[in-house]
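Read-outs: derived from the displayed coordinates by stated rules, not from any lab. Since the model is a prediction, treat every value here as computed from it, not as a measurement. Neighbour counts run over all protein chains shown; Cβ positions are idealised from the backbone, glycine included.
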Amino acid sequence: MKIGVMGGTFDPIHNGHIAIGQETRTRLNLAQIVFVPAGQPWMKSERPLAPAVHRLEMVRLAIAPYPYFRLSRIEIDRAGPTYTIDTITELRAQLAGGDELYFILGWDSLAQLPQWRDVSCLIKLCRLVAIPRPGYSLPDFKSLESKIPRLSQRLVLLDKPEIDISATDIRNRVAQGLSISHLVPAPVEEYIKRHRLYLTEGS
């Protein structure tokens, strides 16, 4: 069985995440996509995140209509900084021997791969699936391969979907009182309103 893994802060999850999950599943014939909200991501430690309980619930609400999507608490429940290698190692331990993991990331993350923890081990445990992001071009693969041998053999490059939706923009729109109904699933929009997420102090 082929299983996709999509990690992220999901602060909040938006329509782009859902579209990427659907497109990747269809193109690669994946049995399911596992959404893994980050606990304490080491590369985004400068910005405080919405509490994990809210990010988890927003993901649960967003993926509820899709039987081939599932939610994992694996990073939320792990203490300390979040590293992809730890998550993939734990997920692999839960799978049958013949199952294969496909970790989904953006083109922008490819250039940062040499900074990731144990990336050479990571690409032995899973394949990487790179999705385009507006404003980002593919990095120099010759340079990447020199730092991460066999990367090209473990990487799947997709040319779509190219989704121009940003969680940062969504948070800013909420703070300004602007509509986000075209950017997030309806249950997520309602959850954000009900719990007054992303409002500035005094709003």
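Remarks
- Contour excess over end-to-end distance, with Cα ends at residue 169 and residue 156 and 0.36 nm allotted per residue: 1.8 nm
- Lysine pair number, Cα distance threshold 27 Å (strictly under), the chain, separation 8 or more or different chains: 11
- Model label sites at residue 31 and residue 137, defined 7 Å from Cα along the beta-carbon direction, differ in position by 4.1 nm.
- Subtracting the Cα-Cα distance of residue 190 and residue 176 from 0.36 nm times their residue separation leaves 3.4 nm of extension gain.
- Shape call, region 74-114: gyration tensor on alpha carbons, a/c limit 1.5: oblate
- Sites residue 79 and residue 115, calculated FRET efficiency, Cβ-Cβ separation with R0 30 Å, nearest 0.05: 0.85
- Here region 58-170 is treated as a Stokes sphere of Kirkwood radius computed over C-alpha pairs; at 10 °C and 1.306 mPa s its diffusion coefficient rounds to 100 µm²/s.
- Based on alpha carbons, the Rg and Dmax found for the chain are 16.9, 54 Å.
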